[in-house]
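**Q** Quick one: the structure is below, and I'll ask about it shortly.
The values are calculated or read from the model by the stated rules, or taken from the named source; none is laboratory data. Because the structure is predicted, anything quoted here is derived from the model rather than measured. Heads up, the Cβs are rebuilt from the backbone with ideal geometry, glycines too, and the neighbour counts pull from every protein chain shown. Side chains are part of the model used for accessible areas, which takes the heavy atoms of the whole protein and leaves out ligands, DNA and RNA. Shrake-Rupley method; radii C 1.70, N 1.55, O 1.52, S 1.80 Å.
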Amino acid sequence: MSELKVIESGNLLTPQQAADYLNVRLSTIYQWSFRKILPVCKLGKLNRYRKIDLDNFISKNMTE
């Protein structure tokens, strides 16, 4: 339930929360971030993700 609170409040998501949200493995999140496929916010050494960026990523990768 804490994940939903983070998403609803508009805060930044951790890599694990982003992986859970996109239903992919954590390693996939790291690969996409490294390859600049997925937008990432760098806070020092920490990677964080905005829900709106994840939603946009989903929209851009939709196929018919």
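**Q** So how far apart, in nm, are the two label points at T63 and L43 if each is 7 Å from Cα heading toward Cβ?
**A** Output for this residue pair reads 3.5 nm.
**Q** For D53, D20, write out the residues from largest to smallest accessible area, computed with a 1.4 angstrom probe and no ligands counted.
**A** D20, D53
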